[in-house]
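Report on one structure; see the data block that follows.
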Amino acid sequence: MTQPSSFSPYHTFDRIEWSRLGGGIPLSMSAGELERVRGRNDPITLAEVSEIYLPLAKLIYFLADRNHAGQKATHLFLGKIPPKVPFIIGIAGSVAAGKSTAARLLQILLGRLPHRPRVDLVTTDGFLYPKAVLEERGLMKRKGFPESYDIRRLLRFLAEIKTGKPTVEAPVYSHLTYDIVPEERQVIRQPDLLILEGLNILQSPPPGEKAPHLTVSDFLDFSFYVDACEEDLARWYVERFQLLRKTAFRQPESYFRRYADLTVEEAEKTARSIWKEINARNLAENIAPTRARARLILEKDSDHAIRQIQLRRF
């Protein structure tokens with residue numbers, strides 16, 4: 001472990017140092033399973049799962065166990081029977097950073113730890129306003145920005161989870177139609193752990209703006225940020241766009257069907273334009289400033305591999 005300066009809030013680890021912290025937990029994932037959960041252009045390997053995500057799962061397991069003990073102590077003091085309240089893990093970071101792969105991996109790994117905890121995964125995409133509302137408000141080119149989310153609905157969902165409500169429903173989003181699926185709901189029934197993945201979950205109110213009573217991060221028991229330099233993020237986004245152009249975009253119901261017949265050069269130009277006009281702006285204005293609020297930061301290299309881990313010490 002790299003020794004922090006006296007003013008650094010982080011413990012910093014390289015891959016070898018971090019991997020040693022996962023001792024005692026066998027890797028219970030096959031190459032086939034990894035292929036099913038990783039992103040389209042994410043070359044993550046079983047070695048990285050073992051070296052990076054197993055120690056992270058172990059840390060979360062320890063923290064969740066301590067958190068549940070604290071809840072029981074509080075309710076014992078209050079003379080109440082404690083409800084079953086999930087330990088909530090937040091995963092933040094830019095578009096194309098690999099948040100979804102990290103979330104799906106952790107869901108599997110955490111669920112196979114001792115005592116087999118039940119782990120649910122919810123993405124904040126489901127709390128975007130429907131496409132019709134975004135169009136009416138002129139926000140289609142601001143999709144993914146804080147104002148494009150029904151934040152009140154998201155906060156209500158998290159409040160119901162944290163009060164131990166037996167059944168809570170989350171809206172479902174389709175990346176194919178680029179819209180909320182009105183007839184579908186994801187049902188959450190008091191899991192042991194809940195993973196919440198999204199772009200802006202660590203955001204706090206801007207300076208000078210009247211703060212709401214609560215923010216999303218108030219409900220998170222642990223959070224981490226998947227980080228990479230913007231040049232790499234832009235390249236990964238373009239690569240993913242090119243893959244989708246040959247696959248999902250070709251489906252008749254795809255919102256992006258119009259991009260399926262672009263040439264490689266046209267698709268490159270279109271993807272870079274979208275990145276510059278939307279994703280890069282959202283990253284600079286809203287996402288990157290929340291990096292320091294995460295409890296842990298996974299720093300990626302240009303080949304997607306995680307090169308360094310930073311864990312907050314205070």
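The values are calculated or read from the model by the stated rules, or taken from the named source; none is laboratory data. Predicted, not measured: the structure shown is a model, and the values here were computed from it. Every residue, glycine among them, receives a Cβ derived from its backbone with ideal geometry; neighbour counts consider all protein chains shown.
Among the residues of segment 21-29, are any within 25 Å of residue 114 (Cβ to Cβ), of a type outside the set (A, V, I, L, M) and at pLDDT 85 or above? Even if it seems obvious, please write down each step before you answer.
Pass one, segment 21-29, residues within 25 Å of residue 114 (Cβ to Cβ): 21-29.
Then keep just the ones that are of a type outside the set (A, V, I, L, M); that gives 22-24, 26, 28.
Cutting the leftovers down to at pLDDT 85 or above gives us 22.
The answer is yes, given that some residue of segment 21-29 is within 25 Å of residue 114 (Cβ to Cβ), of a type outside the set (A, V, I, L, M) and at pLDDT 85 or above.
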* Asked: residue 183 versus (1) in contact with a strand residue (DSSP E or B) (Cβ under 7 Å, 6 or more places away or on another chain); (2) not in a helix (DSSP H, G or I): which is the lone unmet condition?
  -> (1)
* Structure fact -> With the first residue restricted to segment 258-281 and required to be over 15 Å from residue 247 (Cα atoms), and the second required to be of a type in the set (Asp, Glu), Cβ contacts under 9 Å at 6 or more apart or on different chains are 271/239; 280/230
* Asked: Listed residues 271, 284, 292; which is outside any loop (DSSP other than H, G, I, E, B), of a type in the set (Gly, Ala, Ser) and buried (at least 17 other Cβ atoms within 10 Å of the Cβ)?
  -> 271
* Residue check, residue 95 crowded, with 18+ Cβ neighbours inside 10 Å, modelled with pLDDT of 95 or more and either aromatic (Phe, Trp, Tyr) or not in a helix (DSSP H, G or I) (or both) -> yes
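Conditions (1) in contact (Cβ under 8 Å) with a residue 12 or more places away in the chain; (2) of a type in the set (D, E, K, R), marked per residue:
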residue	(1), (2)
17	yes, yes
46	yes, no
79	no, no
94	yes, no
100	yes, no
111	no, no
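Identify, please: which residue in segment 121-130 is more than 18 Å from residue 103 (Cα to Cα) and surrounded by 16 or more Cβ atoms within 10 Å (Cβ to Cβ) and is, among those, farthest from the chain's Cα centre (by Cα)? Let's see the steps before the verdict.
So the first thing to find is which residues in segment 121-130 are more than 18 Å from residue 103 (Cα to Cα), and the list is 128-130.
Remaining after also requiring surrounded by 16 or more Cβ atoms within 10 Å (Cβ to Cβ): 128-129.
Values: 128: 15, 129: 19 Å.
Looking at the filtered set, the residue picked out is 129.
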* Say whether the condition of being surrounded by 14 or more Cβ atoms within 10 Å (Cβ to Cβ), at pLDDT below 95 and in a loop (DSSP other than H, G, I, E, B) is met by at least one residue in segment 222-245. => no
